[in-house]
Amino acid sequence: MNYESSTLRDECPSARRSTVQSRALHLACRMLGDAAHLAKYLGVSEEQLLTWLQARDDPPREAFLKVVDVILSQWEARDDVMCAARKH
């Protein structure tokens, strides 16, 4: 499958074979806006990111931990808002 960069920027491709890594990558992709932003954040090419998003290969541990950090930062921010709302 050959994707041009413009296609990658328009969507975050889903994996045909879902893995924990591909699902986390997809969520981080959506949180950052698109595949181009996630690739830049991870310091990899969009083509490399695509292989991970489509579960054709697993990302290295360092990249995966950066993805988890994106997800947790959003989760923690939402959790802080929810906790503050419960106190009122």
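All of the numbers you see were taken from the coordinates with simple rules; none came from a lab. Keep in mind the model is a prediction, meaning the values are calculated, not measured. A quick note on method: Cβ atoms are made from the backbone with ideal geometry, for glycine too, and the neighbour counts reach across all protein chains shown.
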Once Lys and Arg are counted +1 and Asp and Glu -1 for all other residues with Cβ under 13 Å from that of ASP69, the total becomes 0
Taking 60-71, 29-40 and ranking on average Cβ neighbours within 10 Å, highest first, one gets 29-40, 60-71
Quick shape check on segment 12-69: root eigenvalues a ≥ b ≥ c of the Cα gyration tensor, a/c under 1.5 is rounded, otherwise prolate if a/b tops b/c, else oblate, and it reads rounded
